Every structure is written in structure tokens, then in C-alpha cells.
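Reading through the C-alpha cells given below for one structure.
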Amino acid sequence: MKRVVVGLSGGVDSSVAAYLLKEQGYEVIGLFMKNWHDDSVTISNECPWLEDSNDALLVAQKLGIPFQTVDLSEQYKEKIVDYMFSEYEKGRTPNPDVLCNREIKFDVFMKIALSLGADYVATGHYCRKGEIEVDGKPMYQLLSGVDDNKDQSYFLCQLSQDQLAKSLFPIGALTKPEVREIAAKMELITAEKKDSQGLCFIGKVRLPEFLQQQLQPKDGLIFEVDADNAIYDQKTVNFDSIEEKLAFEAANIQYTPEVAKVVGKHQGAHYFTIGQRKGLNVGGTKEALFIIATDVATNTIYTGQGHSHPGLFKKALFVANDEIHWIRPDLALSNGQKMEVMARIRYRQELQKATLHQFENGMYVAFDAAQSAITQGQFVSWHIGDELIGSGVIS
């Protein structure tokens, strides 16, 4: 019997994952990760870890599997929270859920599981694992979940072959309603439980308050740039190379107060992100204001009216070499190579047609259609069919 450690989060997905593994004849151990102690920044009772750990314990008892709690709050603070603060300070927008999977669940947690003699670690993610042979060796694939509405492969876009080799995703071939149905049939306490929202494991956090613990408020100005400003006039430029053209398409427009008008004040450019509409507290405009750029050096925010404002759109993005990650190393591009893929720049975005271009200093992802709110610090993932083959941090 192979031994599997399941990350029991106290939610319905991981509960059913544990049940299915037990049905398949694995020796199952439930482990709850406690990653956060500070209740002062979570919105009351939205996702208190205590209730979650109790639910996880009750599920383990119901299934008749051993259960324990591991406290990873120190590692979580160091690898996720501190990283988030430093990224926001630089004016980038990190994705804590992707990092949490790479650094905590499939690294720190996986090492604990393997030290307990586990052959595998399982989670309640909606994705699937495939296995093929490349040059006589097994190669693992990260495949999308069958439930299009819940596919979570994007959150695992930074996993390695070593991590995938030891991972199981028992509910990847099921839809959410099917998972709830199994939980109800087994009378699991989590059957009707709402999905948790907010930061991976911290719960529903008031992000500005959370960031204010570390990043001091600084008064600054909010500018509005008109949609028909001359800065958006597409001049025809002749480029000497495809690399030059892509660099031009991926570059951020450099806004200055001269091209805009002051419409309000804010408490710190580092609290805001491209494409954001809420929290600006500026009224009186015909259409909603969207953030089109932030400048943490000058503590300035630039906005534009409406979700089709030209300042929101770009056709390409850049990923520096040290931020490129191939789940399928056998498919990695060499300098000068390109590849047609489908890509997405955020969770739940529909896959977009794109071409990867690898150059000496990094990779450009060029989209067939201009994309709204490409955000520094977020992850872009690239796919062939239903397989996620790689990802990178947007720079």
C-alpha cells in the first residue's frame, strides 16, 4: 500500500480528495497546515483557521484516517508574506497563491510528508497529472481540470518535475457539483461549506490594511489621462529586428503629469495595481476610472476612463531569463526559437493565442490580440492543448 499525505484544508475539495484516495486503497494521512496567526487583518470570521482545522479533524475522523496539524507560519511569513511586501514596495503585484503552492504546499509541506514516509502528497486542486515517456524517462504533465469553471492548473504553474512526480490530484477529473455530491453522500461536514476566498491560507484579508502593517501610507496624486491623448497615437515605426519590435510592444508608456490632469489623492501608489477600479474614491467621471499605471518612485497613479481605455492594453510582455520556468523542460526554447501557444496572464482568464519568442536575455510573449492590464509581478502561463507547459513572472 502506498502512503499518501493529503493537505486537508477544512474545505470540501480536499475532504473528497482524501475519501477518494482511501477508496482507491492508499494508506491516507491527513495533515492540516497552519500558516497564519494574526487575526487582526482578516475580516471577522470569514476564514478563521481554527474552524478550518476543526472541520479537517472531523473529516479525518469520519474517514478513519490519522490526522495532525503542522505549523508552517514561520516559513509562510518568510517565503510568502515578506515577499509580498517587498514586491508591493517595488510597485509590482505578486500572486501569493502561485507562490504558496511552489514554496509551501509542494516544498516545505511536501518535505514534511516525505519525512513521514509518504510516497505522494495529494491536494484538492482541480487539475490532472499525466505521464509520458521522453528519451526513455518518465515526464510528468500538468493538465487542466475537467471542470472548465474550476480549473486550477494556473495556480500550479511553477511546479517542477520533481514536485509533480510526487503529487496526486484526486478530484481533477470531477466537476465541483460532483465533488459536493460525493461529500453529501459520505455525510462529510464540509459538503455544503462555502469556498474560501482571499489569500491562500490567510483568509479574506483587507489588503490595504494588511499592506499598511509594513508599508507606510504616503500622500500622492491621482491623474487622469484622456483616451485621445497624443501619447496613444500609433506612429508607424520601422524596426530592425523582431526583438526590437517586441521590446517596443512590451514597453510601458512613460506617463508624466504634463499629459494628465489631477483628479484626486491617494495614500500610497504601492497599494494599487494596474487595471484596478475600486478604492480610488474619485467620483464625477462619465465612466469608471481604471488604473493604467503606477509610479512608486514619484508616488503617482495614472488612470483612464472605461475598461476600453487605450492605456490598459498591450500586445506583448517580457519575462527575464531567471523568471522563466518550464514544467516540461524538454520543450524549453533556445535563443532565437519561437513557439505558438495559448497563454493567460491571470487566473480564470480565457486562454489567448500567443507566440513565445526566446532571446538571449529573456522571452517575449506576443499576443494575437492586445491584452488588458498586463501586470508586473503576476504570472503568465503558456499551454499546448490542455497541458500547461511553462510560466514566468511578468517583468
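The values are calculated or read from the model by the stated rules, or taken from the named source; none is laboratory data. Remember, predicted model here, so these are calculated numbers, not experimental data. Every residue, glycine as well, gets a Cβ built from its backbone with ideal geometry; the counts of neighbours run over all protein chains shown.
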Would you confirm whether any residue within the stretch 236-258 is over 19 Å from LYS315 (Cα atoms) and outside any loop (DSSP other than H, G, I, E, B)? yes
Looking at LEU312, LEU351, LEU356, LEU331, which is the one that is among the aliphatic types (A, V, I, L, M) and touching a Ser or Thr at 6+ places or on another chain (Cβ under 6 Å)? LEU312
Regarding GLY283, is this residue modelled with pLDDT under 95 and farther than 18 Å from GLU87 by Cα? yes
Test LEU58 against the criterion of being more than 23 Å from VAL393 (Cβ to Cβ) and either part of a helix (DSSP H, G or I) or β-branched (Val, Ile, Thr) (or both), and give yes or no. yes
Count, please, the residues in the stretch 260-273 that happen to be at pLDDT 95 or above and under 20 Å from ALA227 (Cα atoms). 5
Quick check on the stretch 142-174: of everything there that is out of contact with any helix residue (DSSP H, G or I) (no Cβ under 8 Å at 6 or more places or on another chain) and outside any loop (DSSP other than H, G, I, E, B), which residue is farthest from ASP119 (Cα to Cα)? SER153
Answer yes if at least one residue in the stretch 140-147 is surrounded by fewer than 20 Cβ atoms within 10 Å (Cβ to Cβ), in the same structural domain as PHE32 (by TED's automatic domain parsing), within 22 Å of VAL4 (Cβ to Cβ) and β-branched (Val, Ile, Thr), and no otherwise. yes
From the list VAL319, VAL237, VAL259, exactly one residue is of a type in the set (A, V, I, L, M) and more than 27 Å from MET363 (Cβ to Cβ). Which is it? VAL259
Could you list all residues from the stretch 1-40 that are assigned to a strand (DSSP E or B) and aliphatic (A, V, I, L, M)? VAL4, VAL5, VAL6, VAL28, ILE29, LEU31, MET33
Could you run through the stretch 6-29 and say how many residues are closer than 14 Å to ALA113 by Cβ and either of a type in the set (D, E, K, R) or surrounded by fewer than 24 Cβ atoms within 10 Å (Cβ to Cβ) (or both)? 4
Determine whether the stretch 178-196 contains at least one residue that is within 22 Å of ASP97 (Cα to Cα) and at pLDDT below 75. yes
